[in-house]
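One structure below.
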Amino acid sequence: MRENIVTVTAPPAADAPPTPPREVAPRGRAGRRPGSPAAALLSWVRGGGVGTLVMFLPLLLTFGYFAWWPIAKSLILAFQRTDLITEPTWVGLSNFERVLADPLLWTALGNTAWFAVLALVIGFPLPILMAVVMAELRRTRQITSVLAYLPVIIPPVVSVLLWKQFYEPSGTGLFNSALTALGIEPVGWLQEPALAIPSIVIQSTWASAGTATIIYLAALMSIRTELYDAAEVDGASILQRTWHVTLPQLRGVILLMLLLQLIGTMQVFTEPFVMTGGGPENRTVTLLMLVYNYAFLSGDFGKATALSLLLAVGLGLLSAVYLRLTRKWSES
Amino acid sequence: MTALSTIDSDERSNVSTLDRSRRSVRITMRVLTVLLVAALCVVALGPLLWLFKAALSTSQDILREPFAWWPSGVQWQNLPDAWSQIHVGQYLLNTVWVAAGCWFFGLLVALTGGYGIAVLRPRYARLVNGAVLATLFIPGVVSLISLYVTVLDVPLIGVNLVNTFWAVWLPSAASAFNVLLVARFFDGLPRDVFEAARIDGAGVFRVFWSIILPMSRPVIGVVSLLTIVASWKEFLWPLLVLPSADLQPLSVGLYRVADTAPTNLLMAGMFISVVIPVVLFLVFQRQFLRSAGQAGAVKG
């Protein structure tokens, strides 16, 4: 699926609130009965209504077919049994029951949650720290931004295949020969069941930390300078200002990025799919990989849709709870 | 597009000019600079340099001596070999086609839609805007399977788009993010200009073509960069809808040959596939970083 399956969703807030539609169309001429539908249509056409509608067509067609309809279609597919060849039949909740009865579901949920937690622990504080330091080093800010963002530009498949090469299990693999130089035994990075997910998390942090860094940096640069001036006059040291001015000013962005990262990592697919294909011993099968397997390996599109709906509802609940909790927290 | 908080601003941040005059601060900053730049060079740039080295090495060298600089000499032959033997040339061409179409349709939908929502503002604009916005909140996973089913048999028209580039182009054009970005930009343009043109008798299309488009260069640039790089990075969706090897872009093609291709040719192919995005990024770095920061602003 498109990129948005991994990064997805942006919460509400800042999009332009559409100003109330303004009437540009000239009113129907005197003499014609103003209330009649024919007159209304005529005035709509005269006022450029057709041209306006034509302008909306590309958006209405692409969104209609490829954004709005598929969402509705999901709600249908989840309650049908279909392999796309024979006629679909309505099966009620049986798809959901079959998903929940799959023992692999709980493995995948565990793996995905573990991936999300590790990605949070390893990958979440790093961009904040980097951005805070980068913001102060004015002369090197451009070059450090470019370097930090460079991995984001690399296509994910190339990045994963490259790291897979680094994780070569033999003693002469890149990471393993570094370990050997330090006198440590070679490690099966992607072969050891307990190491596979952490190894993938490191790669995916490498690939994505740049985005968050640049977003934090932009937020840092828009902190009002008076706040620093005031704190400095009050005698706050640089570290105290970081703690009492910078971080509180970033709080909104930090809370939002945390939620976005969680939503993204709970839908992780490409990294484990390309790196390990779900192995060893199903230790890297993720929820989205399960959706893929149901649909494209077993041809069970109803079951796949049911799982994707469950995941989406779970993410929706997670966001709702998170937003409520953080609202309370920021009020108190 | 308003209130650009740029990374090139020279305003004070936490550390003030007064602080900078202190010796201990200056030394700390200098040490931090060296550490940060060195760490970024090793961590962010290092893997890419290694890829460059591996692309020009023998498989033996890549596997046996990953840290040595070309013990068996530089293998320029890898690049043409990868181009023809593992069909990197074909994949690259397909990737360019995919990116070009995603760029064209993405711009078309975002510009016309943004114009409709922010400038024309018919009665239904509110509804359309809300429906576009709503797709941002729904996780992509919801429609993965149903989108595939839709592309397999497009309702009302009854065509099957699988194994055509349309299957990648059209869904990628339905990007709420781009539409909202453009609508926001148009919202910031002076309305008097459009009104004046309307009074002078310019129609909907003429206003779009002669007034809106010439004024939208900055936003066209941002949307272009975002759509081209996003389409270059796509993997799962083209994997699903382009099963035919002749049509697959680099991401899918490299994944498919990864287990069978000789290591040196795979590395050469991977190198070829990162050259274009990296060069684009280095040339347009300011625009890239600005739009990446803006993505945060839109999200926030």
Just one of A:285, A:313 is within 23 Å of the chain's Cα centre (by Cα), within 22 Å of residue A:98 (Cα to Cα) and not in a helix (DSSP H, G or I); which is it? A:285
Taking region A:144-168 only, how many residues are more than 7 Å from chain B (Cβ to nearest Cβ) and closer than 15 Å to residue A:213 by Cα? 1
Of the candidates B:140, B:130, B:113, the one satisfying the condition of being of a type outside the set (D, E, K, R) and in contact with a Leu (Cβ under 6 Å, 6 or more places away or on another chain) is B:113
Could you check region A:228-249 and list, in sequence order, the residues that are among the hydrophobic types (A, V, I, L, M, F, W, C) and within 23 Å of residue A:145 (Cβ to Cβ)? A:238, A:245, A:247
Which one of these is of a type outside the set (Lys, Arg) and closer than 24 Å to residue B:179 by Cα: B:246, B:192? B:192
Confirm whether residue A:104 is within 25 Å of residue A:294 (Cα to Cα) and away from chain B (no Cβ under 12 Å). yes
Flag if residue A:135 is touching a helix residue (DSSP H, G or I) at 6+ places or on another chain (Cβ under 9 Å) and either at pLDDT below 90 or over 17 Å from residue A:276 (Cβ atoms) (or both): yes
Which ones in region B:231-247 are crowded, with 23+ Cβ neighbours inside 10 Å and of a type in the set (S, T, N, Q)? B:231
Considering residues of region B:119-144 that are more than 7 Å from chain A (Cβ to nearest Cβ) and assigned to a helix (DSSP H, G or I) only, the residue surrounded by the most Cβ atoms within 10 Å (Cβ to Cβ): B:119
Answer yes if at least one residue in region A:216-223 is among the hydroxyl-bearing types (Ser, Thr, Tyr) and in contact (Cβ under 8 Å) with a residue 60 or more places away in the chain, and no otherwise. yes
With respect to residue A:97, determine if the residue is part of a helix (DSSP H, G or I), outside the structural domain of residue A:195 (by TED's automatic domain parsing) and surrounded by fewer than 21 Cβ atoms within 10 Å (Cβ to Cβ). yes
Among the residues of region A:59-82, write down those that are within 11 Å of another protein chain (Cβ to nearest Cβ) and more than 26 Å from the chain's Cα centre (by Cα). A:80, A:82
Test residue B:60 against the stated conditions and say whether it is in a helix (DSSP H, G or I), free of Cβ contacts under 8 Å to residues at least 24 places away in the same chain and either within 22 Å of residue A:163 (Cα to Cα) or not small (Gly, Ala, Ser) (or both). yes
Which condition from (1) more than 30 Å from residue A:239 (Cβ to Cβ); (2) surrounded by 19 or more Cβ atoms within 10 Å (Cβ to Cβ); (3) within 26 Å of the chain's Cα centre (by Cα) is the one that residue B:62 breaks? (3)
Look through B:82, B:100 and report the one residue that is under 29 Å from residue B:253 (Cα atoms), in contact (Cβ under 8 Å) with a residue 60 or more places away in the chain and more than 9 Å from chain A (Cβ to nearest Cβ). B:82
Give the number of residues within region B:237-294 that are more than 27 Å from residue A:216 (Cα to Cα), without any contact (Cβ under 8 Å) to a residue 60 or more places away in the chain and either in contact with a strand residue (DSSP E or B) (Cβ under 8 Å, 6 or more places away or on another chain) or not β-branched (Val, Ile, Thr) (or both). 5
Quickly run through region A:243-275 and pick out the residues that are within 9 Å of another protein chain (Cβ to nearest Cβ) and surrounded by fewer than 18 Cβ atoms within 10 Å (Cβ to Cβ). A:252
Just one of (1) under 30 Å from residue B:88 (Cα atoms); (2) in contact with a helix residue (DSSP H, G or I) (Cβ under 7 Å, 6 or more places away or on another chain); (3) of a type outside the set (S, T, N, Q) trips up residue B:212, so point out which. (1)
Please work out which one of (1) assigned by TED's automatic domain parsing to the domain that holds residue B:193; (2) farther than 30 Å from residue B:189 by Cα; (3) buried (at least 21 other Cβ atoms within 10 Å of the Cβ) is the condition residue B:99 fails and give its number. (2)
Got a sec? Which of A:110, A:171 is farther than 23 Å from residue B:278 by Cβ, of a type in the set (Gly, Ala, Ser) and part of a helix (DSSP H, G or I)? A:110
Which of the residues belonging to region B:164-204 are loosely packed, with under 15 Cβ neighbours inside 10 Å and either under 23 Å from residue B:221 (Cα atoms) or within 9 Å of chain A (Cβ to nearest Cβ) (or both)? B:188, B:190, B:191, B:193, B:195, B:203
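The values are calculated or read from the model by the stated rules, or taken from the named source; none is laboratory data. From a predicted model like this one, the values you see are computed outputs, not experimental measurements. Cβ: placed from backbone, ideal geometry, glycine included. Neighbour counts: every protein chain shown.
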